[in-house]
Amino acid sequence: MTPPADRRFTKDTPDQPAIVDLVRRRIAVLITAFALPGALLILGSPAGPAPGAPRIAAVGILLSTVPVSVIVYRTRTAFLWFNRPSRQAALALAFTVYADVGTAAFLLLFRDQGTALFGCALFAVVSSFVAFFGTSVAVVFHVVATTAVILIITLRAAMDPSSDTLALAAAGVSLWLAVNGTMTVISQTSATLHSNLRTQIGRAQTDPLTGLLNLRGLEQMVLRRVDDDVALGFLLVDLDHFKRVNDLHGHLVGDEVLALAASRLATFVGDDGLVARRGGEEFLVVITAKNVDAAELVDRAESARHRLHVPTDAVPITASVGASLVTPDDVAEQDVRSTIRLGMHRADIAMYRAKSAGRDNVQFHGSRRG
């Protein structure tokens with residue numbers, strides 16, 4: 001049995017803010033860098049857009065990179081490669097459409113379509129984004145759009161009587177392979193890596209004996225489920241006299257008892273809570289239901305205690321349960337991680353009170369006001 005402690009969590013998941021910020025900043029810089037070759041052509045090359053409406057339109061496209069880069073810099077959820085929030089699909093598709101349409105429109109404004117064909121290499125940069133952050137819809141759109149643009153520009157360049165048709169065809173095919181062939185390989189590799197990484201992270205966040213979350217996994221799931229301004233209920237469940245079970249029946253039976261307790265707790269918690277094995281014979285339940293109050297939490301703790309105890313079991317289970325309710329006002333920084341640490345600490349104290357009161361009971365730590 002572990003003494004009360006304000007346990008800390010390891011924060012080493014693939015979507016750390018530092019990594020996400022780095023990716024976001026680099027993509028924002030690349031967006032503005034897209035405007036550089038276009039600006040050079042507009043300023044001094046006869047190959048670029050013609051004066052008048054074409055040049056005005058081209059300048060407008062180049063200037064649009066500034067607000068878009070700012071939006072990308074500030075939109076963190078578009079670059080969570082591992083977790084892939086649901087709204088990321090729309091953001092990634094919107095950015096893909098903007099990048100492809102903007103680049104295509106700018107290149108089609110060129111007076112020299114042979115030069116524009118070389119500019120199609122810029123699509124390869126968009127491909128790298130789509131391969132990692134885009135869904136299948138974004139991938140299909142990108143492939144269709146870039147294929148059409150490369151083909152159109154190649155045909156328009158070939159209409160020049162002085163052009164080398166075979167050379168243009170070779171250049172067009174080479175560009176298509178660079179833009180879409182490599183993206184396909186990267187996209188498949190990314191999907192495989194993502195699947196394998198999710199499996200490995202899942203194993204690292206799961207207790208192998210019971211199949212429940214471990215503490216690291218619990219923290220990540222709470223972070224995904226709740227906001228910083230929600231109250232959380234904590235139940236620390238400690239199986240009574242578990243050492244005696246191991247001593248009398250052996251560790252194999254002890255493992256079976258732990259697995260049985262885990263199964264009953266997981267069934268009891270349902271969809272509005274999370275349960276993890278904290279270590280040894282201790283389980284931590286976090287109630288994520290909105291508007292949970294102290295009275296309801298104590299009732300659920302009693303229900304969990306009764307659910308665990310089945311007199312007809314070969315080794316009947318009893319448990320001492322510590323309950324604690326933590327609201328945002330209880331945490332100075334009002335962040336989820338602080339809430340979890342404080343809730344565990346308070347539930348620890350309450351559980352030890354339950355042990356001192358004779359075991360097989362529920363104790364609450366904190367104010368009973370909901």
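The values are calculated or read from the model by the stated rules, or taken from the named source; none is laboratory data. A quick note: this is a predicted structure, and the numbers were derived from the prediction, not measured. With ideal geometry, Cβ positions are generated from the backbone for all residues, glycine too; neighbour counts draw on all protein chains shown.
Observations on the model:
- Counting the residues of region 354-365 that are of a type outside the set (Gly, Ala, Ser) and surrounded by fewer than 16 Cβ atoms within 10 Å (Cβ to Cβ) gives 1.
- Being farther than 19 Å from Leu215 by Cα, small (Gly, Ala, Ser) and surrounded by 19 or more Cβ atoms within 10 Å (Cβ to Cβ) holds for only one residue in Ser320, Ser303, and it is Ser320.
- If you go through region 242-276 and keep only what is outside any helix (DSSP H, G or I) and either closer than 30 Å to Ala231 by Cα or under 27 Å from the mean Cα position of the chain (by Cα) (or both), you end up with Gly273, Leu274, Val275, Ala276.
A quick yes/no check of all residues on (1) surrounded by fewer than 22 Cβ atoms within 10 Å (Cβ to Cβ); (2) touching a helix residue (DSSP H, G or I) at 6+ places or on another chain (Cβ under 8 Å):
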position	(1), (2)
Ser263	yes, no
Gly273	yes, no
Ala276	no, yes
Glu281	no, yes
Ala289	yes, yes
Val292	yes, no
Asp299	yes, no
His309	yes, no
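- Contact map, region 28-41: residues that are closer than 15 Å to Pro67 by Cβ paired with residues that are surrounded by fewer than 19 Cβ atoms within 10 Å (Cβ to Cβ) and of a type in the set (Phe, Trp, Tyr), Cβ distance under 6 Å, separation 6+ or inter-chain. Pairs shown: Ala28/Tyr73.
- Residue within region 32-51 that is at pLDDT 90 or above and under 27 Å from the mean Cα position of the chain (by Cα) present: no
- The listed residues are Val66, Val59, and the only one of them that is in the same structural domain as Leu122 (by TED's automatic domain parsing), part of a helix (DSSP H, G or I), in contact with a Ser or Thr (Cβ under 8 Å, 6 or more places away or on another chain) and at pLDDT 85 or above turns out to be Val66.
- Among the residues of region 130-148, the ones that are surrounded by fewer than 22 Cβ atoms within 10 Å (Cβ to Cβ) and part of a helix (DSSP H, G or I) come to 12 in all.
- Flag for Ser195 being at pLDDT below 75, on the phi < 0 side of the Ramachandran plot, in a helix (DSSP H, G or I) and in contact with a helix residue (DSSP H, G or I) (Cβ under 7 Å, 6 or more places away or on another chain): no
- Test set (1) over 23 Å from the mean Cα position of the chain (by Cα); (2) in a helix (DSSP H, G or I) - Thr210 fails condition number: (2)
- Residue satisfying condition, being of a type in the set (S, T, N, Q), assigned to a helix (DSSP H, G or I) and either in contact (Cβ under 8 Å) with a residue 12 or more places away in the chain or under 16 Å from Gly38 (Cβ atoms) (or both), within set Ser127, Ser174, Ser163: Ser127
- Taking residues in region 297-311 that are in the same structural domain as Gly322 (by TED's automatic domain parsing) and over 16 Å from Gln363 (Cβ atoms), and partners anywhere that are of a type in the set (Asp, Glu) and not in a helix (DSSP H, G or I), the pairs with Cβ atoms closer than 8 Å and at least 6 places apart or on different chains are His309/Asp360.
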